[in-house]
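The values are calculated or read from the model by the stated rules, or taken from the named source; none is laboratory data. This structure is a prediction, so every number in the text was calculated from the model and none was measured. Note that we place each Cβ from the backbone using ideal geometry, even for glycine, and neighbour counts take in every protein chain shown. These accessible areas exclude ligands, DNA and RNA; they are computed on the full protein's heavy atoms, side chains included. Shrake-Rupley method; radii C 1.70, N 1.55, O 1.52, S 1.80 Å.
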Amino acid sequence: MPPLNPIFANLSTSIFEEMSLLARQHAAINLGQGFPDDPGPADVRQKAAQAVVEGWNQYPPMMGLPELRSAIAAHYAAHQNLELDPERETMVTSGATEAIAGALLACIAPGDEVVLFEPAYDAYLPLVKRAGGVPKFVKLRPPDWRFDLAQLKAAIGPRTRAVLFNNPLNPAGCVYDAADLAVLAKALEGTDAIVIADEVWEHVLFDGRKHVSVLAVPELRTRSIKIGSAGKIFNLTGWKVGFVVAEPSLLKVLAKAHQYITFTTPPNLQSAVAYGLAKPAAHFDAMRDDLQARRDHLANGLTQAGFAVLPSAATYFLNVDLGPMGLDDDAAFCRRMVAEAGVAAIPVSAFYADAGMRSTIRFCFAKKYETLDAAVSRLVDNASRLLAARA
Ligand code: GLN
């Protein structure tokens with residue numbers, strides 16, 4: 001084997017791939033990897049199909065189709081009260097992961113420190129390291145996953161170049177509000193660190209909660225990069241159309257990273273997303289209501305099956321605390337559950353760099369009611385066997 005980059009050479013396959021593979025092998029119901037089984041809005045998909053057949057299929061502009069950039073600015077003005085200049089402050093990427101990679105490459109030089117919140121989405125740490133960043137962790141714990149000023153101050157120092165902040169937070173399903181963002185702003189006072197805000201779940205909030213973007217906080221407005229995702233907004237996770245929003249001097253440098261990662265994003269999908277972003281507020285309300293009902297349905301079922309369900313305020317996910325069941329190895333439990341009960345979930349320890357937090361597993365509820373019911377009845381049928389092995 002020639003020597004390859006050790007960060008990737010030593011990396012295991014992502015937990016989502018691993019659990020989806022196990023789910024296929026065991027013909028299990030897959031409540032692991034987060035994707036809805038709803039096909040997504042028919043009119044948006046129709047627009048994409050039409051654009052493939054009748055529209056432009058050559059390179060679109062590197063920054064994104066003008067119609068989509070305008071739609072992004074108009075959408076965030078309508079839904080988050082943000083004032084954005086589409087030409088100088090928005091850019092289209094091939095998914096939010098590309099945007100995160102590009103933002104890290106653009107912001108940090110080798111040796112710079114990057115603050116990460118744990119649980120951290122699985123892509124973050126390898127991307128930070130590959131960009132030469134030195135991770136500093138803020139550890140969040142269930143059931144409320146909150147942070148305070150002292151915790152942030154302990155992680156932020158003179159070498160902090162960026163803070164990678166995911167709100168709402170996957171896999172926790174929690175939402176940070178204006179007061180939490182004020183704490184973040186306070187912790188960053190006197191530093192020149194940039195906030196890379198992964199806000200891909202901005203539309204998937206429940207119980208009437210409202211998303212507050214980092215860009216809505218005056219102290220953070222010019223030092224933050226907001227990242228969004230059409231995949232999550234429209235339940236079309238395979239589309240990989242993302243957006244970056246940042247003030248012009250930041251965006252200019254981010255664009256340089258983007259131009260040598262993917263350069264552009266399929267124009268037909270961009271047109272369809274531009275169309276979708278202009279849909280009336282009622283569309284997004286209905287999407288949230290629908291997912292909220294599925295969340296409640298799965299939470300009730302799991303509670304009846306004997307699981308301690310943690311609150312979920314956002315995302316496609318809810319978590320279960322294994323502690324009350326006397327279990328302390330979430331990864332081992334997930335492997336047994338997929339093999340013995342035929343239900344796949346995600347061990348939350350996969351989102352921590354060390355093995356300290358191993359009592360929580362994540363279920364995806366963005367599924368058909370029949371699928372959720374079938375998963376719950378499999379868990380009920382196998383509960384005694386799953387629990388028997390706890391010793
Ligand atoms: N975002 C998805 C999740 O959290 C996973 C995406 C992937 O498989 N890379 O489940």
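The rows are residues; the columns are (1) of a type in the set (A, V, I, L, M); (2) within 19 Å of Ile29 (Cα to Cα); (3) in contact with a Leu (Cβ under 9 Å, 6 or more places away or on another chain).
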residue	(1), (2), (3)
Thr262	no, no, no
Leu269	yes, no, yes
Ala278	yes, no, no
His283	no, no, no
Arg294	no, yes, yes
Asn319	no, yes, yes
Quiz item: Which residues, counting only those in segment 103-116, are open to solvent by 10 Å² or more (accessible area, probe 1.4 Å) and within 19 Å of Pro171 (Cα to Cα)?
Solution: none
Quiz item: How many of the residues in segment 215-248 are away from the ligand (no atom under 16 Å from the Cβ) and either surrounded by fewer than 24 Cβ atoms within 10 Å (Cβ to Cβ) or closer than 30 Å to Ala42 by Cβ (or both)?
Solution: 14
Quiz item: Of the conditions (1) surrounded by 14 or more Cβ atoms within 10 Å (Cβ to Cβ); (2) more than 16 Å from the ligand (Cβ to nearest atom); (3) aliphatic (A, V, I, L, M), Ile100 fails just one. Which one is it?
Solution: (2)
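So, in segment 66-83, how many residues would count as being among the charged types (D, E, K, R), surrounded by fewer than 21 Cβ atoms within 10 Å (Cβ to Cβ) and in contact (Cβ under 8 Å) with a residue 12 or more places away in the chain?
To start, the set of residues in segment 66-83 that are among the charged types (D, E, K, R) comprises 67, 69, 83.
Checking the rest, the ones that are also surrounded by fewer than 21 Cβ atoms within 10 Å (Cβ to Cβ) come to 67, 83.
Narrowing further to those that are in contact (Cβ under 8 Å) with a residue 12 or more places away in the chain: 67.
The number of residues fulfilling the criteria is 1.
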Quiz item: Looking only at segment 341-376, which residues are closer than 23 Å to Gln25 by Cβ, polar (S, T, N, Q) and in contact (Cβ under 8 Å) with a residue 40 or more places away in the chain?
Solution: Thr371
Practice problem: Working only within segment 119-153, note down all residues that are assigned to a strand (DSSP E or B) and among the basic types (Lys, Arg). | Solution: Lys136, Lys139
Self-check item: Residue match in segment 321-328 (condition: surrounded by fewer than 18 Cβ atoms within 10 Å (Cβ to Cβ) and part of a loop (DSSP other than H, G, I, E, B))
Solution: yes
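Using the structure shown, decide if Leu65 is of a type outside the set (Gly, Ala, Ser) and closer than 11 Å to Ala274 by Cβ. Talk me through it step by step, then tell me what you get.
Details: of a type outside the set (Gly, Ala, Ser): yes; closer than 11 Å to Ala274 by Cβ: yes.
In short, yes.
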Quiz item: Mind checking whether some residue in segment 268-283 is open to solvent by 10 Å² or more (accessible area, probe 1.4 Å), among the charged types (D, E, K, R), outside any loop (DSSP other than H, G, I, E, B) and at pLDDT 95 or above?
Solution: no
Quiz item: What is the residue count in segment 1-38 for residues that are within 11 Å of the ligand (Cβ to nearest atom), without any contact (Cβ under 8 Å) to a residue 40 or more places away in the chain and outside any helix (DSSP H, G or I)?
Solution: 1
Practice problem: Please enumerate the residues belonging to segment 164-211 that are under 13 Å from the mean Cα position of the chain (by Cα) and among the charged types (D, E, K, R). | Solution: Asp198, Glu199, Glu202
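Out of curiosity, is Leu82 closer than 27 Å to Leu125 by Cβ, away from the ligand (no atom under 16 Å from the Cβ) and either touching a strand residue (DSSP E or B) at 6+ places or on another chain (Cβ under 7 Å) or at pLDDT 95 or above (or both)?
So Leu82 fails the test.
Conditions (1) over 24 Å from Gly34 (Cβ atoms); (2) within 20 Å of the chain's Cα centre (by Cα), marked per residue:
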{"residue": "Tyr76", "(1), (2)": "no, yes"}
{"residue": "Glu83", "(1), (2)": "yes, no"}
{"residue": "Leu125", "(1), (2)": "no, yes"}
{"residue": "Arg141", "(1), (2)": "no, yes"}
{"residue": "Asp144", "(1), (2)": "no, yes"}
{"residue": "Ala162", "(1), (2)": "yes, yes"}
Quiz item: Within segment 280-298, can one find any residue that is within 21 Å of the chain's Cα centre (by Cα) and under 29 Å from Ile194 (Cα atoms)?
Solution: no
Practice problem: Having 3 or more residues that are β-branched (Val, Ile, Thr) is the bar; report the strands (runs of 3 or more DSSP E) wholly within segment 165-254 that clear it. | Solution: 194-198
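I want to confirm something. Restricting to segment 329-361 and keeping residues that are away from the ligand (no atom under 16 Å from the Cβ) and charged (D, E, K, R), which single residue is surrounded by the most Cβ atoms within 10 Å (Cβ to Cβ)? Break it down into steps so the answer makes sense when it comes.
Start the filter on segment 329-361 by keeping residues that are away from the ligand (no atom under 16 Å from the Cβ), which leaves 329, 332-333, 335-337, 339-342, 353-359.
The next check asks that each one be charged (D, E, K, R); those that pass are 329, 335-336, 340, 354, 358.
Details: Asp329: 16, Arg335: 17, Arg336: 16, Glu340: 15, Asp354: 9, Arg358: 19.
Checked segment 329-361; the qualifying residue surrounded by the most Cβ atoms within 10 Å (Cβ to Cβ) is Arg358.
Pick from Pro171, Pro126, Pro143: which is in contact (Cβ under 8 Å) with a residue 60 or more places away in the chain, within 16 Å of the ligand (Cβ to nearest atom) and surrounded by fewer than 20 Cβ atoms within 10 Å (Cβ to Cβ)?
Details: Pro171 fails: surrounded by fewer than 20 Cβ atoms within 10 Å (Cβ to Cβ); Pro143 fails: within 16 Å of the ligand (Cβ to nearest atom).
Going through Pro171, Pro126, Pro143 in turn, the sole match is Pro126.
Evaluate the following for Asp373: is it more than 16 Å from the ligand (Cβ to nearest atom) and within 30 Å of Pro135 (Cα to Cα)? Talk me through it step by step, then tell me what you get.
Values: more than 16 Å from the ligand (Cβ to nearest atom): yes; within 30 Å of Pro135 (Cα to Cα): no.
No; evaluated as a whole, the condition is false for this residue.
Give me a count of the residues in segment 175-191 that are of a type outside the set (Ser, Thr, Tyr) and either open to solvent by less than 10 Å² (accessible area, probe 1.4 Å) or modelled with pLDDT under 95 (or both).
Restricting attention to segment 175-191, the residues satisfying the condition of being of a type outside the set (Ser, Thr, Tyr) are 175, 177-190.
Filter once more, keeping what is either open to solvent by less than 10 Å² (accessible area, probe 1.4 Å) or modelled with pLDDT under 95 (or both): 181, 184, 187-188.
Adding up the residues that qualify gives 4.
In segment 296-319, which residues are part of a helix (DSSP H, G or I) and in contact with a strand residue (DSSP E or B) (Cβ under 6 Å, 6 or more places away or on another chain)?
Here is the first cut: in segment 296-319, the residues part of a helix (DSSP H, G or I) are 296-304.
Selection gives Ala299, Leu302, Thr303.
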